[in-house]
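The structure under discussion appears below in the form of structure tokens.
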Amino acid sequence: MKIVLDSNVLLAALLTKGLTYDVFEYCYDCHEIYLSEWIIDEVAGKLREKFEMPEAKLVESINFIKRGAKVINPDGELPAVCRDKDDNNVLHVGSFIEADYIITGDKDLLVLSNYGDVRIINPRDFWIKIKQQES
């Protein structure tokens, strides 16, 4: 599967090591994760400014994410769909790579539930779906 992880999922995975980390690890090991430079920059900015992560740890964290993902810069025009215009960057990646899922905790994205053929789902619902398929 092709999966786009939103910045809030990446942040939760790096900082909490809970369910979201399990989802990240599963996607990292079993599927193709796609991110854009915009998503990476947003994660780095939040780690630096909001969580005051030391620069060496920040670089290590970003490199860890990049090792398990394909970082792209999608062509074409940015969609104008979301209430929060920054979220359109995530939709752009998902539609450009024809993702199976965008995994996010962002309500402005989740309210859409789909963008074209791309399903938008929160980490818990994705995890439940995966566990059901494994049963």
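Taken together, the values in this text are just the output of simple stated rules run on the coordinates, not laboratory data. Remember, it's a predicted structure, so these values are computed and weren't measured experimentally. All Cβ positions, glycine included, derive from the backbone under ideal geometry; neighbour counts span all protein chains shown.
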Residue order, fewest to most beta carbons within 10 Å, for Ile121, Ile130 = Ile130, Ile121
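Restricting attention to the range 1-59, which GluC sites (Glu not before Pro) occupy a DSSP loop and are surrounded by at most 14 other Cβ atoms within 10 Å? Could the numbers behind the result be given before it?
Numbers: sites: Glu25, Glu32, Glu37, Glu42, Glu49, Glu52, Glu55; in loops: Glu52.
Loop-located and lightly packed - Glu52.
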Can you list the lysines whose alpha carbon sits under 20 Å from that of Lys66, skipping same-chain ones fewer than 8 residues off?
-> Lys2, Lys17, Lys46, Lys57
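Calculated from DSSP H runs of 4 or more alone, at -39500 (n - 2.57) each and per residue, what is the 222 nm mean residue ellipticity of the chain, nearest 500? All intermediate terms of the calculation are to be shown ahead of the outcome.
Values: 7 runs with 74 residues, N = 135.
The per-residue figure over the chain is -16500 deg cm²/dmol.
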Step through the residues of the range 95-108 one at a time and calculate ³J(HN,Hα) from phi using the Karplus curve (6.51 cos²θ - 1.76 cosθ + 1.60, θ = phi - 60°), rounding each to whole Hz and writing x for Gly and Pro.
-> 6, 4, 9, 6, 5, 7, 9, 10, 9, 8, x, 7, 4, 5
About its Cα centre, the chain carries a charge dipole, from +1 on Lys and Arg Cβ atoms and -1 on Asp and Glu Cβ atoms, whose size in debye to the nearest 20 is 340 debye
Distance between modelled label sites at Ser135 and Glu55, nm, 7 Å Cα→Cβ extension = 5.0 nm
In terms of Cα to Cα distance under 18 Å, which lysines are near enough to Lys107, apart from those fewer than 8 places away along the same chain?
-> Lys85
Around Cys82, which amide H atoms from residues at least 5 apart in sequence, or from another chain, sit under 5 Å from its own amide H, with H modelled in the peptide plane?
-> Asn88
With DSSP loop assignment and no more than 13 other C-beta atoms within 10 Å, the GluC sites (Glu not before Pro) in the range 68-135 are Glu77, Glu98
Return a whole-number percent for the relative contact order of the chain, with Cα pairs under 8 Å and 6 or more residues apart as the contact set.
-> 30 percent
Counting only residues 5 or more apart in sequence or on a different chain, those whose built amide H sits under 5 Å from that of Tyr115 are Ile120
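Say a site is exposed when it is one of the trypsin sites (Lys or Arg not before Pro), sits in a DSSP loop, and has at most 15 other Cβ atoms within 10 Å; what is then the longest site-free stretch of the chain? It would help to have the intermediate numbers written out before the result.
Values: sites that count: Lys17, Lys50, Arg83.
Between exposed loop sites, the widest span is 84-135.
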Anchor Lys129: aspartates and glutamates whose Cα lies under 14 Å away (excluding residues fewer than 8 positions away in-chain) | Asp22, Asp100
DSSP loop (so not H, G, I, E, B), at most 15 other Cβ within 10 Å: list which chymotrypsin sites (Phe, Trp or Tyr not before Pro) in the range 49-128 pass both filters.
-> Phe51
For the range 2-129, count the residues as N, evaluate 2.2 N^0.38 Å, and divide the Cα radius of gyration by that value, please.
-> 0.98
